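One structure is given below, encoded as structure tokens.
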Amino acid sequence: MSRGRGLALTAVVLMAATWASPTGAAQVDEKTVYDVAAQLRCVVCQSLSVADSPSETANQMRGIIREHLAAGESPEQVRAYFVEKYGEWILLSPPKSGFNLLVWVVPFAGLGVGLVLVAVVLRRWSRRTGPEAQSAVDPAVRERIRREMSEMDK
Amino acid sequence: MKTSLLRWAIPAAVVPVLVLLAYGFRTNPREIPSPLVGRPAAAFTLTTFTGDPVSLESLRGKVVMLNFWASWCVPACYDEAPALERTWLQYKDKGVMVVGVDIQDREEAAKKFLAQFGHSFPNAPDPAGRVAVDYGVYGVPETFFIDRKGRVRFKQVGALTDEIARQWLDRLLREPS
């Protein structure tokens with residue numbers, strides 16, 4: 001291997017290394033940054049997460065999340081930092097405890113009650129229409145229909 | 001039988017929803033109580049537009065009025081700007097420090113804003129938004145009143161007025177340091 005080729009190889013390896021770590025905080029996984037940002041409410045938006053908002057505020061918050069992660073904090077610790085500063089309001093999903101539990105339980109409870117109600121009502125309707133439907137048509141008329149239809153087939 | 005079932009089932013389903021909506025629509029979704037009131041104010045060290053350092057640590061023992069603003073914040077930041085300078089001039093010899101933090105702004109626009117209102121109290125940019133998040137700021141303008149012990153005592157959301165500033169500064173100055 002010539003000396004020139006060795007140098008070129010070194011250069012390629014170095015370039016690859018710099019490309020792989022564009023910033024100093026190279027250890028921070030962007031997926032982790034995204035996961036934390038997706039749980040936080042963008043404070044200047046309506047119903048958007050910090051991960052999804054293109055606003056400058058959200059951009060700065062993603063930077064702050066990245067900094068905290070780079071400093072060795074866990075995603076839970078970063079989340080807790082934002083809750084400490086903004087309150088639980090900052091979390092897009094309310095925590096599953098205390099009064100907030102209602103938000104998680106009531107829709108499913110309502111769905112269950114609704115299904116039971118529909119089932120009860122349907123049972124009552126079918127029970128009532130069952131015998132009545134049979135007696136609604138006069139046997140004489142039914143006999144006439146049967147006769148005329150069999151004549152049509154001839 | 002069927003009618004009696006519906007007679008209780010419909011109100012039972014509708015009334016709680018109406019009560020919830022009646023409660024929900026009466027509250028303002030933009031009014032979010034700050035969890036920081038009553039807690040120690042986050043430390044910060046910034047460099048003002050004139051190149052001087054300003055930190056909360058160096059202001060211990062003083063009542064601090066920390067104002068978050070931006071030159072693009074129209075009209076609220078423009079509305080409150082004269083009151084900020086008036087408050088500063090009135091209280092600067094009484095143990096009060098007014099500090100402005102400019103967030104998400106461009107330097108030229110911010111300097112123009114400061115020149116327009118002749119602000120003579122320290123104003124510093126917060127380029128990465130760290131101080132703003134440390135104070136749970138979600139919009140401008142917001143003003144924090146910090147007592148002599150370094151605790152956040154009140155957060156004003158929206159334009160500050162002379163009356164609100166006077167009320168809180170007088171109250172915090174009366175407290176022993």
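Remarks
- Given (1) in contact (Cβ under 8 Å) with a residue 24 or more places away in the chain; (2) farther than 20 Å from B:A165 by Cα; (3) away from chain A (no Cβ under 14 Å); (4) of a type outside the set (K, R), index of the condition B:W72 fails: (3)
- Scanning region B:80-128 for residues that are surrounded by fewer than 19 Cβ atoms within 10 Å (Cβ to Cβ) and in a loop (DSSP other than H, G, I, E, B) gives B:K92, B:D93, B:K94, B:G95, B:R106, B:G118, B:S120, B:P127, B:A128.
- In the set B:V131, B:V137, B:V101, B:V64, only one residue is at pLDDT below 95, within 18 Å of the chain's Cα centre (by Cα) and of a type in the set (V, I, T); that residue is B:V137.
- Condition check for B:A13: modelled with pLDDT under 95 and in contact with a helix residue (DSSP H, G or I) (Cβ under 8 Å, 6 or more places away or on another chain): yes
- Taking the criterion of being farther than 21 Å from B:G136 by Cβ and in contact (Cβ under 8 Å) with a residue 60 or more places away in the chain, the residues of region B:77-89 that qualify are B:D79, B:A83, B:R86, B:T87.
- Residues in region B:129-159 that are within 14 Å of another protein chain (Cβ to nearest Cβ), of a type in the set (A, V, I, L, M) and either without any contact (Cβ under 8 Å) to a residue 12 or more places away in the chain or part of a loop (DSSP other than H, G, I, E, B) (or both): B:V133, B:V137, B:V140.
For every residue, the table says whether it meets (1) more than 12 Å from chain B (Cβ to nearest Cβ); (2) under 18 Å from B:Y138 (Cβ atoms).
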{"site": "A:R62", "(1), (2)": "no, yes"}
{"site": "A:R66", "(1), (2)": "no, no"}
{"site": "A:I90", "(1), (2)": "no, yes"}
{"site": "A:S97", "(1), (2)": "yes, no"}
{"site": "A:L101", "(1), (2)": "yes, no"}
{"site": "A:W104", "(1), (2)": "yes, no"}
{"site": "A:G112", "(1), (2)": "yes, no"}
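The values are calculated or read from the model by the stated rules, or taken from the named source; none is laboratory data. Source: prediction; values computed, not measured. Reconstructed Cβ throughout: ideal geometry from the backbone, glycine too, with neighbour counts over all protein chains shown.
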